[in-house]
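Please treat every number below as a calculation from the coordinates, not as lab data. No experiment lies behind these values; they were computed from the predicted model shown. As a convention, Cβ positions derive from the backbone with ideal geometry for all residues, glycine included, and neighbour counts pool all protein chains shown.
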Amino acid sequence: MPKHIHEARRRGTRRTGFFARFILNVKRSLSEISFGMSKKPKEYRPYLGPDKSSNNNDEVVYVIDDDGETVREVNYDNKNQHRKKQRVNKIFSFSEMKQKRISNKKKRKKKIQQKRIEKKHKREFKRQQRVHFIRKFIHGYKGGGETFFNEEEHISEERKKQIKKGYYYYTVNSIALYIIAYLLVYMVYQLTVLVVASRWGLDSVLYYYDLAFNDYSPLWSRYNIIIVTFSGPFISLVIGFLFYKWVADRPKAKGFLKLFVLWIGFHGFNLFLGAFVSGVSFDEGFGYVANWLYLNVFWKFLISLIFLFILGMTGYFSAQKFLETSNSLYRVQEKNRLKFLFHQVVLPWFLGSAIVFLVKIPNNMPYETGTLVTMMFIVLPILFNHKAMPRPSMIGKDEHRPTKIIWTYIIILLLVLTLYRVGLDTGYHIILKYKISLSINPV
């Protein structure tokens, strides 16, 4: 007899046609109906393996009812180990039907959700495979889509290296913008002093390190000394307020453009507040105003402390603005903020000031060097503002664009430094003469 027929007979079924199976199922249904008579259900005897402790090769079978509870243990021979359990007729209950319907509904929802997640994973896996294949021929191809699972270990390590390099790229770009902003505000400072001094016929020589006047000219007076030396710091303060409070908060000012605007604002504030501290320390520049106002040491010291405190508070509350200069939300997360601010603000200040100091060798003026040092009072407090939160709307949406050195900034920096150092090496003697005449006569 064929094996499949033997198995079918043992199970009580045969491989017959549709109508034969239908009649067989009807007979079974009718045989299970009990007309008011109690019919004892067959016991469920799952096969749990031979009992090695028994000598007669019997097995221990747990008798389990329909509720899944163990009733007792019974020993059966190995021959009867595959006997089936007959189902017990239960009492009809609406509450059980409702619970069953709710559980089935939850199961269906869970299956549907799992299928959706599996489809997303498959789609993302195919996308990554496609991107990986294209990158073999086109380097730098980025692809699109979202990632639903982690990358491989070697890819994540490569990504970590790119993130680490990105911080140094931020530093290089910020150094370039720091120096360009300093030279821009510094030249406006010197040119303002030059123009105001020409009002009294005072000519000057513009060098890369100083604006030299004839100190023994009879044209000098106490009044014009105060006005001339105060004009440069005053215009710097105006520039600081203009760029820091108005331009930096514009919606279009994002990324490195906002960083450049903030550096201009910082240099503007420093060339007023920090220049006073440096001036009274070395009796140069802005310090002439304090000397010709006949301020004693106490007032100089007190005003210097107030100005340094204002610088510190300005820097402390500027942490939010500098966090918004990032092009990536990852770098401004709570765990990465301190590192980002160090590479974006503190390190560029230190290295940028060192470069400016080296460019002015061998004619470094104490007053100019002092203003570079006082910049630390507005830069360092940024690191201590741990509660600063950037506004997501003010962050550039360039997360997928890799961070890199912007060579345009580097080229502009080299050109500006060359013109500044070489062009103003020998100095320019500037004489401004202007006369405004206005006459109004009746017709």
Point-to-point label distance, F241-V416, nm (Cα→Cβ direction, 7 Å offset): 2.4
Protection-proxy order for peptides 345-355, 264-274, 100-110, each taking the mean of Cβ atoms within 10 Å per residue, highest first: 264-274, 345-355, 100-110
Packing rank of 417-427, 230-240, 200-210, where each peptide gets the mean count of other beta carbons within 10 Å, highest leading: 230-240, 200-210, 417-427
FRET E, pair V373, K126, Förster distance 56 Å, beta-carbon r, rounded to 0.05: 0.45
Stretch gain in nm, segment M389-T408, where the contour uses 0.36 nm per residue and the Cα spacing is subtracted: 3.8 nm
I226-I163 FRET efficiency (beta carbon distance; Förster radius 45 Å; 0.05 resolution): 0.30
